[in-house]
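The values are calculated or read from the model by the stated rules, or taken from the named source; none is laboratory data. If you're wondering where the values come from, they're calculated on a predicted model, not measured in any experiment. Heads up, the Cβs are rebuilt from the backbone with ideal geometry, glycines too, and the neighbour counts pull from every protein chain shown.
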Amino acid sequence: MQEQEVRVEALLSEMTLAEKIGQMCQIHVGTLGWPQGEDRIRRGQAGSVLTVYGAAKINQLQRIAVEESRLGIPLIVGNDVIHGYRTIFPIPLAESCTWDPGLVEEAARIAAEEASADGTGWTFAPMVDVCRDPRWGRIAEGSGEDPFLGEAMARARVHGFETGDLASGRKLVSCPKHFAAYGAAESGKDYNTVDISERTLRDLYLPPFRAAFDEGAPTVMSAFNEIAGIPASANGFLLHTVLRREWGFRGVVLSDWNAIAELIPHGCAANLKEAAEKSVLAGVDMDMVSDAYHLHLADLVNEGRVPLSVVDQSVRRVLRLKLGMGLFERPYVDESLAGQVILRPAYRQKALEVTQKSMVLLKNSGGLLPLARDLERIALIGPLADDHHHVLGCWYRIGRDQDAESVLDGLRAVLPSTTEVIHVPGCDLEGRERPDLEGAARAARAAGLAVLVVGEGEHMSGEAHSRAYLGLPGHQQALAEAVHATGVPVVAVLMSGRPLVIPWMAEHVPAILQAWHGGIRTGRAVADILTGATNPSAKLTASWPRTEGQIPVYYAHKNTGRPATGAGTVQFDKPHWSIYIDEENEPLFPFGYGLSYTRFEYRALAVETAQVGLDGTLIVSAAIANTGDRPGDEIVQLYVRDRVGSVTRPVKELKGFQRVSLAPGEERQVRFEVPVQRLGFHGLAMEYAVEPGDFSVWVGPNAAEGLEGAFAVIG
Ligand code: BGC
């Protein structure tokens, strides 16, 4: 450490103001033009580049930085490695449905191996934005609606990216994003205004960031959105007060793409110079592509508007990051390495496991699934049935269609050769072409069983892909209805980057598997689940609304002064309650929900600590029994409710979860130990504290069900 600081100060003392500012600029060579980009690097006017893929290209730019710039400071190369590099894993929302941080960590680790071997030094991940609005396309990139689960996933991903001896011999650094509350965009529209209370910010949106930093994430990306009138990339409260002062964060703050220049359309900077001033003073160390620092920071310093000490601090942080990663010792990557690391069979195998554990069985009436293995014929219908592209999801970058398995491939691989698969797309994804509903219905009738693969394309979620209607796009609803009208049993396999609104399907189609965008192993994973080779175990991490009008709908809501009593629509007999006159309050599928091919029973809740002190540990256990006839995994969840607080509290909050594997007939005692200090919140004084008093506790299979008990926290 000491030695590193000496090197940092030595370098700093040699740098001109222009070279210092260079370290605070991240450029996109593709946008600038390759020769112009190279020139910026040569002159020491860029400390980082982004979105350059491949060891050869990266080495080429690095050589210029190291061998041709005056001080030879290496570049740090950042890329969006969000759910895999070349071995594409399920989208993060799907990965979170595994409720298996260890597995998610392994996926991140594989992404780190591949990306690092191919030259990337910095991943703009994990995306840890909590989101309660499925209209927002970026819900696909996060871990859903809950901060507790979000923290676990944030820690897992940071740990996976950051630790271990990567084959490249270098470190890959992570960059939790988007700081902060980007997921609270009004009306689910991307980049939109956020206006939330400080309490909601601190209790809901900040905890996953804090967890990521506690795990060692050395950088963070400041968000596009404003919060209560102040854009996050010029927000001194977020960046100075919370991040640096309260949390002691010593790392690098990178703006999101062009976010500094966007202070102008936000209406809080008159021009790019003022934007640079506001951002740098608020604590943004590095400017992603807007060139505000490049063009104006020197003048701002010379005019005395920005103290040189602010610039020096940012440069120190950037230099520390580069030294810490070993970039000075190993600026180049071995260009033959990626070929040995990328798409290793073990990685494909791990991707299959993650994918299988991420798919949620939403419905299975009459035990339609798993399918019999000796089927004579099966109709495979839908625009996504033989898709090799959309399964890759919203951030596939260098992922390739050729690596992916479609559902058709998967079924052909696992079904006996005697089973005839009649494949009919039936319609396109977006409804651009005339659908062939009759052809689809004919195929269904001929086969006597239909598997319908429908949903969203990868281009319908992710950044800048918000939707106002969350049903099946194009003619796919008509296709589903036409196939259902044949009367043959239908299994729906849904692909999407978000919770969908599917009330008709939930009522009429007997079996529904939510497959998300599952990455390169999607097809095989679907086939393994449909045929019962794999027993599904995933559970939702975001509630599925009945209608867009319920949004935001989430389990940890407040009770209000006029809570609805009991489920169901009670509009006309109870007119003055917090309900709709035309729809239920409850979501179609709650947070934590997912089925298995076996059954689990929850028995004998035991609250071992009926009274527990502020520094104590809540201990609760329950017996979980597999009462079905197959081995299976159950994700057991623990929720609490703080009955009375200095401020109002959610009706339920997740505080523990465990994935348990049970053989048929097996019963296991599942024990939760929750430090009481984890039951706090930001009360009246806006300080995090646990308030003594009565709590309810549940152990159950999802947020809507469970065995209930009680305990008291004593002061
Ligand atoms: C996104 C970030 C991403 C960055 C660089 C932005 O538009 O909001 O999440 O890391 O681009 O690609």
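Assorted remarks:
- Comparison of Ile110, Ile82, Ile64, Ile73 shows that the only residue that is within 18 Å of Met286 (Cβ to Cβ) and of a type in the set (Val, Ile, Thr) is Ile73.
- The criterion of at least 1 residues that are of a type in the set (D, E, K, R) is met, among helices (runs of 4 or more DSSP H) falling completely within segment 1-81, by 2-14, 17-23, 34-42, 55-63.
- Unmet criterion (only one of (1) crowded, with 24+ Cβ neighbours inside 10 Å; (2) within 22 Å of Ile398 (Cβ to Cβ)) for Ser96: (2)
- Reported count of residues in segment 365-385, each being farther than 17 Å from Ala533 by Cβ and either part of a strand (DSSP E or B) or without any contact (Cβ under 8 Å) to a residue 12 or more places away in the chain (or both), is 4.
- Complete set of residues in segment 228-270 that are closer than 20 Å to Ala185 by Cα, β-branched (Val, Ile, Thr) and away from the ligand (no atom under 16 Å from the Cβ): Ile230, Ile264
- For Ile581, the conditions (1) under 28 Å from Leu500 (Cβ atoms); (2) surrounded by 19 or more Cβ atoms within 10 Å (Cβ to Cβ); (3) free of Cβ contacts under 8 Å to residues at least 60 places away in the same chain are fulfilled apart from (2).
- Taking segment 186-208 as the range and being in contact with a strand residue (DSSP E or B) (Cβ under 6 Å, 6 or more places away or on another chain) and touching a residue at least 40 places away in the same chain (Cβ under 8 Å) as the test, the residues that pass are Arg199, Arg202, Asp203.
To keep it simple, each residue is scored yes or no on (1) more than 29 Å from Arg7 (Cα to Cα); (2) within 16 Å of the ligand (Cβ to nearest atom).
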| residue | (1), (2) |
| --- | --- |
| Ala55 | no, no |
| Gln60 | no, no |
| Val66 | no, no |
| Val77 | no, yes |
| Pro92 | yes, yes |
| Glu106 | yes, no |
| Glu113 | no, no |
| Asp118 | no, no |
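- Of all the criteria given as (1) out of contact with any Lys or Arg (no Cβ under 9 Å at 6 or more places or on another chain); (2) in a strand (DSSP E or B); (3) among the aliphatic types (A, V, I, L, M), the one not satisfied by Val318 is (2).
- Counted residues, segment 8-58 - those being among the charged types (D, E, K, R), surrounded by fewer than 20 Cβ atoms within 10 Å (Cβ to Cβ) and under 28 Å from Glu335 (Cβ atoms): 5
Condition check ((1) over 18 Å from Glu584 (Cβ atoms); (2) basic (Lys, Arg); (3) assigned to a loop (DSSP other than H, G, I, E, B); (4) in contact with a Lys or Arg (Cβ under 9 Å, 6 or more places away or on another chain)) across all residues:
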| position | (1), (2), (3), (4) |
| --- | --- |
| Met505 | no, no, no, yes |
| Thr522 | yes, no, no, no |
| Asp528 | yes, no, no, no |
| Thr534 | yes, no, yes, yes |
| Ser537 | yes, no, yes, yes |
| Thr541 | yes, no, yes, no |
| Pro552 | no, no, yes, yes |
| Thr560 | no, no, yes, no |
| Thr565 | no, no, yes, yes |
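- Exclusive hit being of a type outside the set (Val, Ile, Thr) and within 12 Å of the ligand (Cβ to nearest atom), set Arg170, Arg155, Arg138: Arg138
- Counting residues in segment 9-24 that are within 16 Å of the ligand (Cβ to nearest atom) and in contact with a strand residue (DSSP E or B) (Cβ under 8 Å, 6 or more places away or on another chain) gives zero.
- Set Gly150, Gly144, Gly160: member being touching a Cys at 6+ places or on another chain (Cβ under 8 Å), away from the ligand (no atom under 16 Å from the Cβ) and not assigned by TED's automatic domain parsing to the domain that holds His517: Gly144
- Elements of the type strands (runs of 3 or more DSSP E) sitting completely within segment 599-715 and holding at least 2 residues that are more than 26 Å from the chain's Cα centre (by Cα) and within 30 Å of Leu362 (Cβ to Cβ): these cover 600-607, 617-626, 667-675, 693-702, 705-714.
- Flag for Asp401 being in contact with a His (Cβ under 7 Å, 6 or more places away or on another chain) and away from the ligand (no atom under 16 Å from the Cβ): yes
- Against the test of being surrounded by 24 or more Cβ atoms within 10 Å (Cβ to Cβ), under 19 Å from Arg498 (Cβ atoms) and out of contact with any His (no Cβ under 9 Å at 6 or more places or on another chain), the options Tyr191, Tyr182 yield a single qualifying residue, Tyr182.
- Subset of segment 156-201 that is of a type in the set (S, T, N, Q) and over 22 Å from the mean Cα position of the chain (by Cα) - its residue that is farthest from Gly137 (Cα to Cα): Ser168
- Within segment 120-135, considering residues that are within 11 Å of the ligand (Cβ to nearest atom) and of a type in the set (A, V, I, L, M), the one nearest to Tyr85 (Cα to Cα): Ala125
- Across segment 206-226, the qualifying residues are those that are within 16 Å of the ligand (Cβ to nearest atom) and not in a loop (DSSP other than H, G, I, E, B), and the one among them that is surrounded by the most Cβ atoms within 10 Å (Cβ to Cβ) is Ser222.
- Tyr191 being on the phi > 0 side of the Ramachandran plot and within 16 Å of the ligand (Cβ to nearest atom): yes
- Yes/no for Trp544 being within 20 Å of the chain's Cα centre (by Cα), under 17 Å from Leu384 (Cα atoms), crowded, with 24+ Cβ neighbours inside 10 Å and of a type in the set (Phe, Trp, Tyr): no
- Among the conditions (1) buried (at least 22 other Cβ atoms within 10 Å of the Cβ); (2) more than 16 Å from the ligand (Cβ to nearest atom), Ala298 misses just one, which is (1).
- The test for being of a type outside the set (Gly, Ala, Ser), under 27 Å from the mean Cα position of the chain (by Cα) and modelled with pLDDT of 95 or more holds for Leu50.
- Residue in segment 271-295 that is nearest to the ligand (Cβ to nearest atom), counting only those that are acidic (Asp, Glu) and closer than 19 Å to Leu243 by Cα: Asp287
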